[in-house]
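Here is the structure we will look at, set down as structure tokens.
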Amino acid sequence: MSDQTTSPLARIRHARSARLPLALLVLAGIISSILLMTPPQIVSSAKTPAPITVRTVTAQPTTQQLYVHSEGTVYPRAETRIVAQVAGEVVWLADTLRVGGQFAAGDLLVQLDQRDYQVASKSAEAQLRQARADQEYAAAEAARIAALFDQDLASTTELERSRRALEGAEAALLRAEASLERAEIDLARTTIRAPYDGRVRTESVDLGQFLQKGAVLTTVYATDAMEIKLPIPDAQLAFLHEALTQTGVLADTADIPVVLSATYAGRKQTWTGQLVRTEASIDERSRFIYLVAEVTETINARGTQLPVGLFVDATITGRWFENIVTLPRISLRGANSVWVVDEANTLHAREVSVLRVTEDNVLISAGLSPGDTVNASPLQFVVEGMAVVVVD
């Protein structure tokens, strides 16, 4: 059918449907204009931040004795290489002269063949007797010539000759005495004895061996005292006896105990010694200074002897300090400040003097008064005067 046959009603409906989108667009434009002309008013209001919750500690000054911790290796106080001072064949060896063997001071360790030296000693003694007889004869002759000279019965030449003869005889006597002394010393050196109470570290001598002068027989070390070198930062000298800083040597009256501990023979063992000195210089590589502790009671309460070479932990007794406040380490802010909570429960920064910082605590020597409330909680964002809530 053609468009002429379309009814008027259909044409009216078609026209209305075509105008509807246009009307919607116009209406949206009007609404947008109204909204742009009348924007909403934003009203801001200040919000009070909620106080943070913190834990605190109360400053309570006390008198404390500090300790310094270190570690080191045990060394013998004395270690000696024993050498043969004369040549000879080894004719006797002590049973203790083996690695680990223990001996007392004066014990016989090695005996060399003495026969050659005994012969030399007897020969020197004979020469001494002859020299003594010659000296006595020369002295008597000089006295006789001097008496004759006084009576004008001897010449000046005879007098001088007798005096020279006496001087020669006296010189020969001195040489004979020295020869005998040398022979006796060499004879005595064929017997080698222990210089102190100790143990054998190494040995290199056998029975029947012929030793040359200067040959090394054994290396021994003393067991009556041990030493331990203990490295510490030089700043920690402030916690110890003042003499260590001034001269590095302690007087005999100074008493600085050092407790040594180690796991040895399957159990924890302890020994007690004394701090005696510092070494002469600071180590250039580590920048540490070495303290030297001495242990004279090398056998502990369990009956265990302190072994050479053992690695030990050391606790060194330090000085007493007054008016020291101990705080948790978390209380320290930066290098030398803490946060103090006042009566209004607000935070205030306080500079303090830090005596020592340990793994868990910080020791304050000045800057806090008794009863001050100090923050002991980790605070990431904090400002002066911030309000807090204190909890137990």
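Here, each number is a calculation from the coordinates, and none is a lab measurement. All figures in this text were calculated on a predicted structure; none of them were measured in a lab. Glycine gets a Cβ as well: all are built from the backbone with ideal geometry, and neighbour counts include every protein chain shown.
Odds and ends about this structure:
- Within region 91-138, trypsin sites (Lys or Arg not before Pro) in DSSP loop having at most 15 other beta-carbon neighbours inside 10 Å: Arg98
- Simple rule: put +1 on each Lys or Arg Cβ and -1 on each Asp or Glu Cβ in the chain, find the dipole, and look at Ser179, Gln114, Tyr75; the Cα lying farthest toward the positive end is Tyr75.
- Sparse-neighbour loop sites [GluC sites (Glu not before Pro); region 285-337; at most 16 other C-beta within 10 Å; DSSP]: Glu297
- In sequence order, calculated HN-Hα J values of region 276-282 (Karplus, 6.51, -1.76, 1.60; Hz; x Gly/Pro): 10, 5, 10, 6, 6, 8, 8
- The string of couplings for region 331-345 from the Karplus curve (6.51, -1.76, 1.60, θ = phi - 60°) is 6, 6, 10, x, 8, 7, 9, 9, 9, 9, 9, 8, 5, 8, 6 Hz, one whole number per residue in order, with x for Gly and Pro.
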